[in-house]
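So the structure is just underneath, and the comments pick up after that.
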Amino acid sequence: MTSAISFSPDSFTLSYLPDQGLLIGRWLRPVALDALQTHYAALLEAAQAHGNCRHWLLDVRRRQINEPVAVQWFGQEFSPKLPGLLGQPVVIAYFAMVNQDFASDDPNLWENIKQGALQGSHYCYFNQESEALAWLAQQP
């Protein structure tokens, strides 16, 4: 997939499945916040280029998923602008290993955050890619 936004393919890949109306972003290694922001900008650009695609599968198994500054940036800056740019909230399936980089051993806490909504996006974390794809296929 060609993007006007430049990023290193050794850290992130981006593809679109037209038959499923699905964007897939895969992080191949840990990245700094500025690279992460670039990757999400590329996702947004690709979504707009493909009819405002709002179903995203994000493979985050190889990057940190609970870094506070990145979580704050996504929740307060990036996610809230998505409905205005794409017409509706984005539905995101995160493919991550259960408890990956998780800061607590409390299973109840994990249950509370593995699925939810932010302004502009609805999300769920999955241990298996097939489960993530099935969930996305059921979303409006």
### Summary
Quick note on ILE24, ILE65, ILE92, ordering by fewest other C-beta atoms within 10 Å, gives ILE65, ILE24, ILE92
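Using 0.36 nm times the number of residues separating ASP19 and SER130, minus their current alpha carbon distance, what extension gain do you get?
Working: separation 111, 0.36 × 111 = 39.96 nm, distance 1.62 nm.
Full extension of this stretch gives 38.3 nm more.
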### Query
Which residues' amide hydrogens lie under 5 Å from the amide hydrogen of VAL31, considering only partners 5 or more residues apart or on another chain, with H built in the peptide plane?
GLN64
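Every read-out reported here was derived from the displayed coordinates using simple, explicitly stated rules and does not represent laboratory data. Owing to the predicted nature of the structure, the values given are computational and were not obtained by experimental measurement. Cβ coordinates were reconstructed from backbone atoms using ideal geometry, including for glycine residues, and neighbour counts include every protein chain displayed.
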